[in-house]
Amino acid sequence: MDTETAFFETPPQLVAVGQPLSRVDGRAKVTGAAKYSAEYNHLPGLVHAVVKTSDVAKGRVTSIDASAAQREPGVLAILTHQNLPKPAKTAETKEGQEAIGMAVQMTFMPLQSDQVFYAGQPVAIVVADTLEHAQHAAAKLRVTVTPEAPVASYQDPKAKLFNPGGKPDADAEGTKRRGKAAAAFAAAPAQVTATYTHATNHHNPMEPSATIAHWEAADRLTVYDATQGVSWQQRALSGYLGLPQDQVRVITKYLGGGFGCKGPIWPHSVLTVLTAKAVGRPVKLVLTRPQMFTSVGHREDQEQTLRLGATKEGKLLALLHEKTSTTSQWDDYAESNSKMMGMLYQCPAFEATTKLARANVMTPTWMRAPGEAPGSFALESSMDDLAYQLGIDPVQIRLRNYADKDPSTGKPWSSKSLKECYERGAELFGWSKRNPKNGLTRDGKYLVGWGMATATYPVNNSQGNARVRLYADGHAVVQVAATDLGTGTYTVITQVAADCLGLAPDKVRFELGDSVLPTTNISGGSMGAGTFASSVYTAAQDLWQKLTKMAVMDAKSPLFRAKPADVAVVKGRLQLKANPSKGEEFAALMKRGNMTDVEGFGQGKYGAGYETGLATGPAKSDDAGKEDGGGHAMHAFGAHFCEVRVDPELGTIRVTKWVSVVAGGRILNPKTARSQVIGGATMGIGAALMEQTVRDPNLARYTNANLADYHVPVNADIPDLTVEFIDEHDPYVNALGVKGIGEIAIVGTAAAVGNAIFHATGRRLRDLPMTPNKVLAAMSQPV
Ligand code: MOS
């Protein structure tokens, strides 16, 4: 049946899609009706758990004195490695990993032995009737950890660097390459060599991670968990517990952000489930803000050395990248910075090497465009250096290296509108008025500078299921076990479903966030919108086929005895392609047939690049593919333009003007999409200018694990950001041509800021975040 063509080759049928619909969940959120994972307080006998953590980063638990804590009112249990029930399996074994799935980022499970590997590691769980009782008793509990000297980071003299062979960033030797990069660099007439560092960063969503575990029977569990993926969490917990998947239900109706830290499965969720088992009551655990810094991963502290070789005309000849970063004692996690370096510009020779050091930290994880964000800071800063060295305009040098095919695979792009992004961004910003010389523009005491950078992010298509149920009275329920991070998933999928069914959006209810719904992937890797929209579309096709079969067999239908292939679906109506006046509405057909409802089920169809993650073993990094089955490379692209004002006496930097232009395929909703790009650019500016977690080099403990000392941008830090989208139609990425825009605006942002600082001051800052002390240090040096 040819409904796919019918729906997509006639764009006017997209009525709701593309409209700036306000959030369908907005009212629930502002009235407080939206229930977050920690708010299921109605459960009978709900009790509260508090985690006691180790201040020591390395050592052994040598004594536990629970006598005082035990006597406190309301205390129900004090659980340590000595008495906490053991999970059936852990991800520490290969067999466990297969049962638990790839979503476990940290394979180590605390509270299984007396060993302490990182500061903030749970050493006890105190359960009481109220939160306050649990907190108080936890304060009275004495757990002694006898310390040993920890390794704090890759910079620690005790750290041993190793090459994570075979991991995503690397081949068996820990290296990715094409051509002879070292020789090409050595022979290049223009060269840029520079080292960039990136501080440890933490996600800091407004909503802390929280888990409520409710054993409804000895072998039946419901978990309310702040997770980006209920299907992943269900699979993982069932693996840990040795239970069939259908006996574990995970519910996440609303999320207050995640930025990657709620993507993987972390120990606190498993520990809460085990605690609930031990006490025989539903248990709630909400991580404290300081615990958010040691429980759900972070962006790893890292150093990148990048060498660019080019012709005098600025055409790249060689690109060599080396990355060194800190990881945990068990997991070889490294975000893949070189993925974007290998594909962004035409360059015949490329080599990337990754090195890791094991430290006494927990496992780092996906955070806000993992890989692309720090990678683009290095690449786009060095491209700016090359532009100045050769006296070429920064936009021009990027156009000279424009890749018409993906240089890392040789494949054609499914679509690429980067030139349009540069052009439109430059126009909106007024780039043509730029003074080509740096350090010359002043406004009073401020030095003013302009910079730009390229953005890109892969289209991480994924598979997932959806169910669409249409009622004869003209409303519909659409179901996917998706999650909405707060970015608009509820809204955009409602729009897609409305158009599939020929209904107004307010006649469609989109249900998500429950693992009993059709299984899907996480909201992460910028793949939610494309994945969920495509699976809803596929489910709608199934529905259309059922209705068409009903119509052609129904003697009373105008389509009686028509060939299904001759029938098209147009705005909730079945009609003959050759004679559109001959047909009928879905509702008329259903009513005549006495059907109250019809259901369609679908699995989104995508390219071969990405495995669902529900079926594969553990991954140590984001291994999403970027190729469809038809041999296309699939990426979103964009361009950022930035103006800064630098106070040369105080070293303060303010972003005073900003333009982001993004080409991300079909934009399902320009209002929520614009908000996502504003959010992305804001996160990028945060990483550029303020975000850093400081790990004490001797104690390997964070010194600023709170929102007073870990600075995230607030309204006063961010100017009015100008955001535009390029109208882009991509026939390959997925059924709706959606590329995903969750992360692209983070990419290149820090470089655009740094390039503007260089233009303002003549000083290049290569150490993130670019704080006032670093500006002053640079200003004290000769240019
Ligand atoms: Mo994102 S860092 O893929 O949740």
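The values are calculated or read from the model by the stated rules, or taken from the named source; none is laboratory data. Everything quoted here is computed from the prediction, not taken from an experiment. When we count neighbours, we look across all protein chains shown, and the Cβ atoms used for this are built from the backbone with ideal geometry, even at glycine.
Side notes on the structure shown:
- The set of residues in segment 694-735 being over 22 Å from GLY451 (Cβ atoms), surrounded by fewer than 20 Cβ atoms within 10 Å (Cβ to Cβ) and touching a strand residue (DSSP E or B) at 6+ places or on another chain (Cβ under 8 Å) consists of VAL694, ASP696, THR703, ASN704, HIS729.
Quick grid of which residues meet (1) touching a Leu at 6+ places or on another chain (Cβ under 8 Å); (2) at pLDDT 95 or above; (3) assigned to a loop (DSSP other than H, G, I, E, B):
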position: ALA49; (1), (2), (3): yes, yes, no
position: ARG60; (1), (2), (3): no, yes, no
position: PRO73; (1), (2), (3): no, yes, yes
position: HIS81; (1), (2), (3): yes, yes, yes
position: LEU84; (1), (2), (3): yes, yes, yes
position: GLU98; (1), (2), (3): no, no, no
position: PRO110; (1), (2), (3): yes, yes, yes
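- Residue list for segment 462-507, filter: more than 20 Å from GLN233 (Cα to Cα) and part of a loop (DSSP other than H, G, I, E, B): ALA472, ASP473, GLY474, HIS475, THR487, GLY488, GLY502, LEU503, ALA504
- Some residue of segment 520-531 being more than 16 Å from the ligand (Cβ to nearest atom) and outside the structural domain of PRO731 (by TED's automatic domain parsing): no
- 3 or more residues at pLDDT 95 or above and surrounded by fewer than 21 Cβ atoms within 10 Å (Cβ to Cβ): qualifying strands (runs of 3 or more DSSP E) within segment 564-637: 597-603
- Failed item in (1) touching a helix residue (DSSP H, G or I) at 6+ places or on another chain (Cβ under 6 Å); (2) assigned by TED's automatic domain parsing to the domain that holds THR656, with MET340 passing the rest: (2)
- Failed item in (1) buried (at least 23 other Cβ atoms within 10 Å of the Cβ); (2) more than 15 Å from ALA745 (Cα to Cα); (3) in contact with a strand residue (DSSP E or B) (Cβ under 9 Å, 6 or more places away or on another chain), with ASN669 passing the rest: (3)
- Residue that is surrounded by the most Cβ atoms within 10 Å (Cβ to Cβ) [pool: residues in segment 484-511 that are under 20 Å from TYR224 (Cβ atoms) and more than 16 Å from the ligand (Cβ to nearest atom)]: PHE510
- Of all residues in segment 362-373, those that are closer than 11 Å to HIS203 by Cβ and near the ligand (Cβ under 6 Å from one of its atoms) have Cβ atoms under 7 Å from Cβ atoms of residues that are modelled with pLDDT of 95 or more and of a type in the set (Lys, Arg), 6 or more apart or on another chain, in MET367/ARG299.
- The condition of being within 16 Å of the ligand (Cβ to nearest atom), outside the structural domain of LEU390 (by TED's automatic domain parsing) and among the small types (Gly, Ala, Ser) holds for only one of GLY314, GLY242, GLY297, that being GLY297.
- Only one entry of ARG434, ARG424, ARG467 meets the criterion of being among the basic types (Lys, Arg), buried (at least 18 other Cβ atoms within 10 Å of the Cβ) and not assigned by TED's automatic domain parsing to the domain that holds ASP727, and that entry is ARG467.
- Of all residues in segment 245-262 being more than 16 Å from LEU274 (Cβ to Cβ) and of a type in the set (Val, Ile, Thr), the one that is farthest from the ligand (Cβ to nearest atom): ILE251
- For segment 568-598, the set of residues classified as out of contact with any Lys or Arg (no Cβ under 6 Å at 6 or more places or on another chain) and within 16 Å of GLN13 (Cα to Cα) consists of VAL569, VAL570, LYS571, GLY572, ARG573, LEU574, GLN575, LYS577, PRO580, PHE586, listed by residue number.
- Residue count for segment 437-457, restricted to those that are at pLDDT below 95 and surrounded by 24 or more Cβ atoms within 10 Å (Cβ to Cβ): 0
- Checked against (1) out of contact with any Phe, Trp or Tyr (no Cβ under 6 Å at 6 or more places or on another chain); (2) surrounded by fewer than 24 Cβ atoms within 10 Å (Cβ to Cβ); (3) of a type in the set (Val, Ile, Thr), VAL661 passes all but condition (2).
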